[in-house]
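The values are calculated or read from the model by the stated rules, or taken from the named source; none is laboratory data. Computed from a predicted structure; not experimentally measured. No Cβ is skipped: glycine too gets one built from the backbone with ideal geometry, and neighbour counts run over all protein chains shown.
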């Protein structure tokens, strides 16, 4: 693991703190657990899917090649490469909002937890047929350097899922590609059994 990895992970925690009462009304958010499932082969490699569970709620996504997925002690799903030059996380940050202002709540959350942020850009996303909101930004960290951060909130019945990317500048493109794959292949069991499209050399 890179010598910078502990500092990176510590800094990223500032972007992934549970929401306070003024945003989504509770600090008591359920944790997530992930298990990996090998599926069909594409070329010489099996497609690996991550099955996330939280109570009776289930989600599934394709794990990008080269990343490992595990459940952290805080109850979030963390995906990292061997050198930890970028990583992604998925967690529940609060119950589904019942009032307008979802985007503004995320903006306030970023402002209160994210030092040295610049170049804030709004993102519009759809994940598993759910409309979400997000922001992309740069974060300058002493001893670590310039980081690309993407943080996305998507409301599900289980709660608001937060998808976070934290990447150094050289790995920003690879990190964005990995996040895009997770978002595009993400499925939930809210409308019944999870169904996914099998991948092939042509997809």
Open item on the list: So, residue 120, is that one touching a strand residue (DSSP E or B) at 6+ places or on another chain (Cβ under 8 Å), surrounded by 13 or more Cβ atoms within 10 Å (Cβ to Cβ) and in contact (Cβ under 8 Å) with a residue 40 or more places away in the chain or not?
Closed with: no
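Going by the structure shown, is residue 63 closer than 21 Å to residue 133 by Cα and touching a strand residue (DSSP E or B) at 6+ places or on another chain (Cβ under 6 Å)?
no
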TODO: Give region 36-55 a look and list any residue that's in contact (Cβ under 8 Å) with a residue 12 or more places away in the chain and over 16 Å from the mean Cα position of the chain (by Cα), or say none.
DONE: 36, 37, 39, 40, 42, 43, 45, 47, 48, 55
Open item on the list: Yes or no: region 183-199 includes at least one residue that is out of contact with any strand residue (DSSP E or B) (no Cβ under 7 Å at 6 or more places or on another chain) and farther than 25 Å from residue 53 by Cβ.
Closed with: no
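From the list 83, 146, which one is closer than 27 Å to residue 46 by Cα and over 16 Å from the mean Cα position of the chain (by Cα)?
Working: 146 fails: closer than 27 Å to residue 46 by Cα.
Going through 83, 146 in turn, the sole match is 83.
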Task: Hey, residue 151 at pLDDT 95 or above, in contact with a strand residue (DSSP E or B) (Cβ under 8 Å, 6 or more places away or on another chain), farther than 18 Å from residue 51 by Cα and crowded, with 20+ Cβ neighbours inside 10 Å or not - done: yes
- [ ] State whether one or more residues within region 176-190 are free of Cβ contacts under 8 Å to residues at least 40 places away in the same chain, more than 15 Å from the chain's Cα centre (by Cα) and not in a helix (DSSP H, G or I).
- [x] no
Task: Pairs with Cβ under 8 Å, 6+ apart, first in region 88-116 and more than 24 Å from residue 33 (Cα to Cα), second exposed (fewer than 13 other Cβ atoms within 10 Å of the Cβ) and at pLDDT 85 or above - done: 103/122
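Looking only at region 113-124, which residues are under 19 Å from the mean Cα position of the chain (by Cα) and modelled with pLDDT of 85 or more?
120, 121, 122, 123, 124
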Open item on the list: Please go through region 99-137 and give me each residue that is within 16 Å of residue 163 (Cβ to Cβ), outside any helix (DSSP H, G or I) and touching a helix residue (DSSP H, G or I) at 6+ places or on another chain (Cβ under 8 Å), ordered by number.
Closed with: 122, 125, 127, 133, 134, 135, 137
